[in-house]
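Notes follow the structure.
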Amino acid sequence: MSRDHFQLTTVAVLPDYRLRLIYADGQEFEVDLGEWIETSPILHPLKDAALFAQAKIGFAGRSVEWITDELDLGADNLRNLAIEQAGGIGHERIWNWLHETGLTLDQAASALGISRRMLIYYRDGEKPIPRSIWLACLGWEAVRPKGESLPRHIPTAREYAALHA
């Protein structure tokens with residue numbers, strides 16, 4: 001399986017702690033790292049604009065690094081963040097949803113009404129996640145159906161809170 005969608009070919013530093021990233025699959029993203037730098041103590045050295053300006057592609061295009069490989073960010077995480085910042089749905093949401101629900105790939109695909117292969121494409125970031133699929137994940141989480149039949153009742157906010165307490 002090709003992972004070109006997580007391999008960087010270009011990193012360009014932009015003002016205000018932003019990067020322009022181009023991946024081997026031709027997709028181009030702009031990502032704002034300001035909040036990560038501010039809230040992650042390990043990234044605080046990047047508050048120094050001169051250091052931030054030294055961003056470069058890391059080993060095999062799988063990261064962005066600064067000066068040393070001890071200060072780097074994974075290309076997959078940066079792509080996910082850029083997609084989320086642009087209003088899309090990053091692949092890590094599917095990973096987290098699968099983990100939180102405890103569903104197998106087969107169970108999750110069945111619950112969402114898609115093929116196992118398509119779910120893997122979404123989970124692995126190989127295809128963009130349609131809004132309808134993410135809404136189906138949220139809907140499944142809200143009602144947590146038992147068995148194969150869909151629920152006939154959508155829980156109220158109070159019922160939902162009690163289910164997830």
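Readers should treat all values here as calculations from the given coordinates under stated rules, not as data from a laboratory. Worth saying up front: this structure is predicted, and the values here are computed from it rather than measured. Quick reminder, even Gly has a Cβ in these numbers, built from the backbone with ideal geometry, and neighbours come from all protein chains shown.
Fully extended, how many nm does the chain gain between Ala60 and His99 (0.36 nm per residue separation, minus their Cα-Cα distance)? It would help to have the intermediate numbers written out before the result.
Working: separation 39, 0.36 × 39 = 14.04 nm, distance 2.87 nm.
Between Ala60 and His99, full extension yields an extra 11.2 nm.
Extension gain for Ser40-Leu14 works out to 7.4 nm (0.36 nm per residue, less the C-alpha to C-alpha distance).
Near Arg18, the amide H atoms lying under 5 Å from its own belong to Leu33; only residues 5 or more places off or on other chains count, and H is placed 1.01 Å from N. Calculated FRET efficiency, Arg131 to Thr156, Cβ-Cβ distance, R0 = 30 Å: about 0.80 to the nearest 0.05. Cα centroids of region 1-59 and region 88-129: 26 Å apart.
The calculated pair-distance distribution of the chain uses every alpha carbon pair, bins of 10 angstrom beginning at 0, and gives 9, 33, 27, 19, 11, 1 percent. Dipole of region 73-136 (Lys/Arg Cβ +1, Asp/Glu Cβ -1, origin at the Cα centre): which of His91, Ala111, Asn80 lies farthest to the positive side? Projecting each Cα onto the dipole axis, the largest value belongs to Ala111.
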